[in-house]
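To start, the structure itself, in structure tokens.
Just so it is clear, none of the values below were taken in a lab; they were calculated from the coordinates. What you are looking at is a predicted structure, and each value in this text was computed from that prediction instead of being measured. Backbone-built Cβ (ideal geometry, glycine too); neighbour counts: all protein chains shown.
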Amino acid sequence: MHGVTLADDYGWLRNKENPEVTAYLEAENVYDEAEMAPLERLREKLYQEMLSHIKQTDVSVPYRDGAWWYYSRTEEGLQYGIYCRKRGDEAGPAEDAAEEVVLDGNKLAEGHAFFAVGATDITDDGRWLAYSTDTTGFRQYTLHIKDLETGETLEGSVERVGSVVWAADNRILFYTVEDEEQKRQYQLWRHTLGTSHSQDILIYQDDDERFNIAAGRTRDGKYVVMESASHTTTESWVLAADRPEDKFALILAREDEHEYSVDHRGEVWFIRTNDRGRNFRLVMAPVDAPGRENWKEMIPHRETVMLEEVDLFAGFFVACEREDGLPRLRIWNFAGEEAEAEPAGEIAFPEPAYDAHPHVNRIFDSRKYRYSYQSLVTPNSVFEFDLAGRTSRLLKQIEVPGGFDRTLYASERVHATAPDGVQVPVSIVYRQDKREPGKNPLYVYGYGSYGYSLPLGFNSNRLSLLDRGVVMAYAHIRGGGELGKPWHDAGKMLVKRNTFTDFIAVVEHLAAARYGDGNRVAIEGGSAGGLLMGAVVNMRPELFRAVISHVPFVDVINTMLDASLPLTVPEYEEWGDPNDEAYFQYMLSYSPYDNLKPAAYPAMLVKTSLYDSQVMYWEPAKYVAKLRTLKTDQNRLLLVTNMKAGHGGASGRYDYLKEIALDYAFLLRELGAADERVGGLAS
């Protein structure tokens, strides 16, 4: 058994309050700027390029909720979005309706180096807004309540708030709160408008350290749902939204390894459950008797299709599934008031690799369904599918100014063979007129944890790399969710190393298939993807020319042995508990920090944030400090710390672009592609 952290020469970096730690991080930042100074012109050029591809003043597609149509807009020169609404009817906002500003992120951010809006919810009558804000990046949110009639924000606030949801009476608010040490949402509270928060009532507390709770409403608005979930187990409680002072009723008690979620229509619960297979099935149960003995199957479990979620409406539902690594939106129509439904086809998508998911759909009795579609070469687009005519209508596609020509770019889907013979999907995008087989710089991105599927979305920032001839690839390695829950299971716990060997196999395949030059490979990952970066670099340092690692989870053993840190105990279900000897030895075998050794390493840019609450800043700081003493090469090793942000980096959209420009300049210099731009120019 291992109850303490390992001996650690760099453990002193954990003391954030120590002035020597601050001085150390700031000295690293000064060194970084000196190393990057020769690329100042290139960084500015990249920033201006990326900015030129963004429509700085823009507005989102409005969506209806009650008597209002809500939308967000941006203004040139302003860092944050402005959230607005107009009155209207089913057809759309009224022509003469005045705009009401619900929240202006720019005004709320005044005086803060970092700003983010967390949860939001508006009462059914449209008057009261509950919202939360974070001004440090530590993802610790403060609850506020705003009167949208008067524009005034009420006195009083609550700290460490997660989800917020109003009851149907427009006066009672439910919200969750995290504990101070674990950053775990563990309590549900009830607040009544017009009373002090000191009078709020604690409704529920979950003392199991693996679980986080959240609250929301069913789409029909009839019930408040409280869900308590670990990485592998869930439990749901429900409460009639028009009787908010009643007690919550349990749907089904938690059982280890059983995950389920609920929604409501008529007199029936719709329950998505993995009780008969990892990829989930859909069952129905009577509202007054939701026990398993009363379940009736609607969609069975399938070995090759993951049922990711169910979008439920009065007359139909959409089964959001994933098959062959790609999302599917399959329509089911209800025959009438009863819960019986029948398949009615699926929404067709035109490209071989893409990302599609539900958009905002707040109207329960609608016969139209909104979804988002994009690909590596197609900008994000919002469509509305008409169930009567079975046609999709484009509502808005993100405009990409600055001379973007979609026909210049192409994407492909290929597979790499892992050491054990498993076929690993890879998505590739490149500029067609810049392709020179076997010669292009190659960039490979990976994550491979928590069952998260890499989205194949459009990103205009990528154009700055593609236009310089970089071939970009996204590795859908085990540990992710692209091929359902079994794909996740095959890359976690005691088989986590599959994630790393899959990624190496992808890079080797891309080089062998001449998608790029095997001597000019850059790789990137963040958080758990930063663990991936550290692991593969330790295993095969000669394979990569450059590495960008964001907020990397690299000190696996020390972090997972410290149960006082946020997230550690819940993460046992992803990585294992190192207090168990088998897990300790296995994790020790791949922990990047613990496996550094004297060797030649690729050039590395390691980035962190002082207020990161998920991967503490000291992990990458210790990693770089230790690596400096061991590396035998002369390649650059940079540690960049954002002293005013958290896990996601800079919050303002212009500040964020400057961070990307730094990354790209580093990558292009290391790959020898800093001046290979269509139309000229460079560094």
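Structure above, values below:
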| item | result |
| --- | --- |
| Whole-Hz ³J(HN,Hα) from phi, Karplus 6.51 cos²θ - 1.76 cosθ + 1.60, for the stretch 111-119, glycine and proline x | x, 10, 6, 10, 7, 8, 8, x, 7 |
| Equivalent ellipsoid, the stretch 450-506 (semi-axes from 5 times Cα gyration tensor eigenvalues, Å) | 27, 13, 7 |
| Alpha-carbon Rg with Dmax, taken over the stretch 300-419, Å | 16.5, 53 |
| P(r) tail fraction, the stretch 112-258 - alpha-carbon pairs more than 19 Å apart, % | 52 percent |
| Cα-Cα over 29 Å, subset of Lys439/Lys626; Lys146/Lys485; Lys86/Lys222; Lys496/Lys626; Lys296/Lys368; Lys434/Lys496 | Lys439/Lys626; Lys146/Lys485; Lys434/Lys496 |
| Surrounding net charge for Ile82, when Lys and Arg each add one and Asp and Glu each subtract one, Cβ distance under 14 Å | -2 |
| Rule-of-thumb Rg ratio for the stretch 613-679 [Cα; 2.2 N^0.38 Å; N residues] | 1.37 |
| Between 0 and 90°, nearest 10: helix 581-590 axis offset from the chain longest Cα axis | 50 degrees |
| Rounded FRET efficiency, nearest 0.05, which uses the C-beta distance separating Met539 from His415 and R0 of 25 Å | 0.70 |
| Hydrodynamic radius of the stretch 258-341 per Kirkwood, over alpha carbon pairs, in Å | 13.0 Å |
| Stokes-Einstein D (µm²/s) once Rh is taken as the Kirkwood radius of the stretch 56-95 over alpha-carbon pairs, at 20 °C in 1.002 mPa s | 201 µm²/s |
| Neighbourhood charge, 13 Å Cβ-Cβ cut-off, centred on Ser366 and excluding it, Lys, Arg +1 and Asp, Glu -1 | -1 |
| Distance (nanometres) between label positions extended 7 Å along Cα→Cβ at Arg87 and Glu99 | 1.9 nm |
| Whole-number percent relative contact order across the stretch 499-619, with pairs defined as alpha carbons under 8 Å at least 6 apart | 27 percent |
| Pairwise label distance in nanometres, Ser52 with Glu33, each label 7 Å out on the Cα-Cβ vector | 2.8 nm |
| Helical contribution to [θ] at 222 nm, DSSP H n ≥ 4, -39,500 (n - 2.57), averaged over the chain, rounded to 500 | -5500 deg cm²/dmol |
| Extension reserve of the Trp12-Asp433 stretch, reckoned as 0.36 nm per residue once the Cα distance is removed | 146.4 nm |
| Nearest 10 degrees, 0 to 90: helix 497-512 Cα axis against the chain principal axis | 60 degrees |
| C-alpha long axis of helix 40-52 to longest principal axis of the chain, angle in ° | 30 degrees |
| Mean separation of Cα contacts under 8 Å (6+ apart) over length of the chain, as relative contact order % | 12 percent |
| Whole-number Å³ per residue for the convex hull built on Cα positions in the stretch 175-275 | 107 Å³ |
| Value of relative contact order over the stretch 112-258, rounded to a whole percent, pairs C-alpha under 8 Å and six or more apart | 14 percent |
| If the convex hull is drawn through the Cα atoms of the chain, its volume per residue in Å³ | 162 Å³ |
| Where a label projected 7 Å from the Cα of Gln585 along Cα→Cβ would reach, residues of the stretch 492-506 with amide N under 20 Å | 492-498 |
